[in-house]
1. Which value does Rg/Rh take for the stretch 6-77 over its C-alpha atoms, Rh per Kirkwood?
2. Please report how far the C-alpha centroid of the stretch 69-83 lies from that of the stretch 2-16, rounded to the nearest whole angstrom.
3. Could you please rank 87, 30, 54, placing first whichever residue has the fewest other Cβ atoms within 10 Å of its Cβ?
4. Please build a GNM for the chain, connecting alpha carbons under 10 Å apart, and tell me which residue among 53, 65, 36 fluctuates the most.
5. Spin-label point model (7 Å from Cα, Cβ direction): what's the residue 59 to residue 74 distance in nm?
């Protein structure tokens, strides 16, 4: 599973990105290897307090552009804000200064 974000929270308050900064011009990537239902259940609290990004199965990265090539299209789904938007290969990138954030 690959999670891409720019902010601290997603999916009903889960904290799935490590040290996000909405103004740095970078995507925050979390890559989860061998995700199972048991892993999720055993780490449910970590999903909401941000400690999940320190789990041994998770690698985190920052980049301005990410291209995903899916090897098995039957098992891939692309969601944006909880909505299914497609499947297969995709490219995501940051458009610098496209949105202004007001941070108190």
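1. Details: Rg = 13.1 Å, Rh = 13.4 Å.
Taking Rh as the inverse mean 1/r over Cα pairs, Rg/Rh reads 0.98.
2. A separation of 17 Å, based on Cα centres.
3. Working: 87 13, 30 19, 54 10.
The most exposed by this proxy come first: 54, 87, 30.
4. 36
5. Going by the 7 Å Cα→Cβ label model, 2.6 nm.
None of the figures in this text is laboratory data; all of them are computed from the coordinates on show. Quick caveat, the model's predicted, so the values are computed rather than measured. Cβ sites come from the backbone with ideal geometry, for glycine too, and all protein chains shown count toward neighbours.
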